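Here the structure is laid out as structure tokens; the discussion comes afterwards.
The values are calculated or read from the model by the stated rules, or taken from the named source; none is laboratory data. Keep in mind that this is a model prediction, so the values were computed, not measured. Because the Cβ atoms are built from the backbone with ideal geometry, glycine has one as well, and the counts that use them run over all protein chains shown.
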Amino acid sequence: MVDFVDSCGEFAGKVWRYLEQEGPQTENDLIKKSGLNNNEFFCAVGWLAKENKIVKDDKKYFLGETNLTNKIGKDAGMVWNILDMWQEVDLKSISRLSKINEDEVFFAVGWLAREDKINGKFQIKKEKYLFWLK
């Protein structure tokens, strides 16, 4: 089985390499051209934001000193607190408890994965993501 944190790092590497080679890209183009699904992409952006390597303007992402720290960092703190309190929590519950949408939860998950503070898995039969603290 592939390690969750390693997977998040690989997703971030794909996005970083594509931006390095092709320059600024829209979210849709990055998702399509990187071959990542939405959740993997948002996880990658959270990881890169924690590394201070990705910027988002109104329409495009590009490499540089991040402007995403305040929002993603705050959301990561909320997700961490929920996991600390509840132990293992699924994506929908984290979204409901934190009052942030599922895409933003994945930004936060990527941030926490970069800090090596979170683990996760996708349950295929139940079609849900589960997360817990390391």
Exercise. Just wondering, is there one or more residues in the stretch 75-85 that are at pLDDT below 95, out of contact with any helix residue (DSSP H, G or I) (no Cβ under 8 Å at 6 or more places or on another chain) and of a type outside the set (Val, Ile, Thr)?
Worked result: no
Exercise. Which ones in the stretch 51-76 are touching a strand residue (DSSP E or B) at 6+ places or on another chain (Cβ under 9 Å), free of Cβ contacts under 8 Å to residues at least 24 places away in the same chain and closer than 14 Å to Glu104 by Cβ?
Worked result: Lys56
For this session: Of the conditions (1) of a type in the set (A, V, I, L, M, F, W, C); (2) modelled with pLDDT of 95 or more; (3) out of contact with any helix residue (DSSP H, G or I) (no Cβ under 9 Å at 6 or more places or on another chain), Met1 clears all except one; give me its number.
Result: (2)
For this session: Please find, among Ile54, Ile72, the residue that is of a type in the set (Val, Ile, Thr), within 27 Å of Gln123 (Cβ to Cβ) and crowded, with 20+ Cβ neighbours inside 10 Å.
Result: Ile72
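Can you tell me which residue among Leu48, Leu19, Leu83, Leu36 is part of a loop (DSSP other than H, G, I, E, B) and touching a residue at least 24 places away in the same chain (Cβ under 8 Å)? Please lay out each step first, then the result.
Details: Leu48 fails: part of a loop (DSSP other than H, G, I, E, B); Leu19 fails: part of a loop (DSSP other than H, G, I, E, B); Leu83 fails: part of a loop (DSSP other than H, G, I, E, B).
The match here is Leu36.
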